[in-house]
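The values are calculated or read from the model by the stated rules, or taken from the named source; none is laboratory data. All of these numbers come straight from a predicted model, not from anything done at the bench. A quick note on method: Cβ atoms are made from the backbone with ideal geometry, for glycine too, and the neighbour counts reach across all protein chains shown. Quick note on the areas: whole protein, heavy atoms, side chains included, nothing else; ligands and nucleic acids left out. Shrake-Rupley method; radii C 1.70, N 1.55, O 1.52, S 1.80 Å.
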Amino acid sequence: MDLEKLMSQHLTRAFDGSKTIPDETLHQLLRFLRSAPTSTNIQPNHFYVLASAEAKKQLADNLGERFQDNGSKILNASHTIILTTRADVPDSHLDDVFAKETADGRFPDPEKNAMWQYMTRDFLNLRNYAYKDLNHWMEKQTYMVLGMTMMAAVELGVDATPLEGFDPTSVDKAFKIRETGHTTTVLLALGYPDRAKAYKGPISRFEADRLFTFI
Ligand SMILES: Cc1cc2nc3c(=O)[nH]c(=O)nc-3n(C[C@H](O)[C@H](O)[C@H](O)COP(=O)(O)O)c2cc1C
């Protein structure tokens with residue numbers, strides 16, 4: 001990964017609609033996405049990977065009135081991922097997490113396994129009843145998955161642009177997402193840039209002295 005190049009590059013706003021991510025590259029990216037960690041291993045996500053022209057159009061048509069501008073990005077991207085997050089954590093979800101961890105042999109020692117499950121429940125109780133931020137906390141996990149996937153895409157030579165410009169109610173409705181117990185958090189357009197339309201101006205960020213405190 002060329003970090004210097006990455007630092008001087010704008011996020012891609014115009015994709016080349018004639019280019020498609022090879023299957024092998026896409027699968028590698030999705031394998032990486034699947035491996036991303038989440039706090040307490042809660043894994044609160046489901047991902048819709050839109051590849052067909054019809055699916056991308058369905059998303060572009062349902063971004064909501066004020067977000068039409070993002071439509072062409074989605075239509076010209078090779079793929080767009082809808083990153084959704086659970087609306088809550090029912091016991092059935094926790095049961096699934098624990099069953100998978102046990103099946104994968106995460107904690108072979110039954111005592112440690114039981115302790116882990118106790119700590120997870122305790123942490124979730126804190127989020128639910130003390131901090132009262134369960135949804136926000138889960139969406140923070142989604143954003144971490146988003147960031148890691150963006151970096152992995154760069155490594156694979158794929159441009160990745162996150163999109164927050166959409167109406168979640170409208171997208172949820174179009175893809176019947178709430179029916180699954182999830183809601184849309186953010187979108188990720190993936191593909192190859194249309195070089196003729198790439199932003200060429202300088203990157204604008206605060207200076208380091210405003211950002212860092214060295215103690
Ligand atoms: C989480 C996130 C969501 C974003 N959503 C959109 C979006 O919906 N539409 C868009 O055109 N750009 C979107 N952007 C791009 C930012 O506006 C852009 O990265 C920022 O203005 C800095 O510009 P630069 O990448 O050209 O330096 C998003 C960026 C991030 C990190």
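Worth a mention:
- Among the listed pairs Lys73/Lys173; Lys57/Lys176; Lys19/Lys56; Lys19/Lys73; Lys56/Lys176; Lys140/Lys176, those beyond 19 Å (Cα-Cα): Lys73/Lys173; Lys140/Lys176
- Per residue, the average separation of C-alpha pairs within less than 8 Å and at least 6 apart gives the chain a relative contact order of 36 percent.
- Between amide H atoms placed 1.01 Å from N, distances below 5 Å from Ala14 occur with Asp194, all of them 5 or more places distant or on a separate chain.
- Couplings 3J(HN,Hα) for the range 109-118, derived from phi with the Karplus relation 6.51 cos²θ - 1.76 cosθ + 1.60 (θ = phi - 60°), are 7, x, 5, 5, 4, 5, 5, 4, 5, 4 Hz, where x marks Gly and Pro.
- Annotation for the range 106-195: trypsin sites (Lys or Arg not before Pro) lying in DSSP loop with at most 16 further Cβ atoms inside 10 Å of their Cβ are Arg106, Lys132, Lys176.
- Entry note, the chain: the mean residue ellipticity at 222 nm calculated from DSSP H runs of n ≥ 4, each adding -39500 (n - 2.57), is -13000 deg cm²/dmol after division by the residues and rounding to the nearest 500.
- Of all accessible heavy-atom area on the chain, the percent that carbon and sulfur account for (1.4 Å): 53
- Basic side chains Lys and Arg get +1 at the Cβ, acidic Asp and Glu get -1 at the Cβ, and with that the dipole of the range 1-144 about its Cα centre reaches some 300 debye.
- Between the Cα long axis of helix 23-35 and the first principal axis of the chain there is an angle of about 40°, rounded to the nearest 10.
- Rolling a 1.4 angstrom probe over the protein heavy atoms with all chains in place gives the chain an accessible area of 62 Å² per residue.
- Taking chymotrypsin sites (Phe, Trp or Tyr not before Pro) in DSSP loop states with no more than 15 other Cβ atoms inside 10 Å as exposed sites, the chain has its longest site-free stretch at 1-130.
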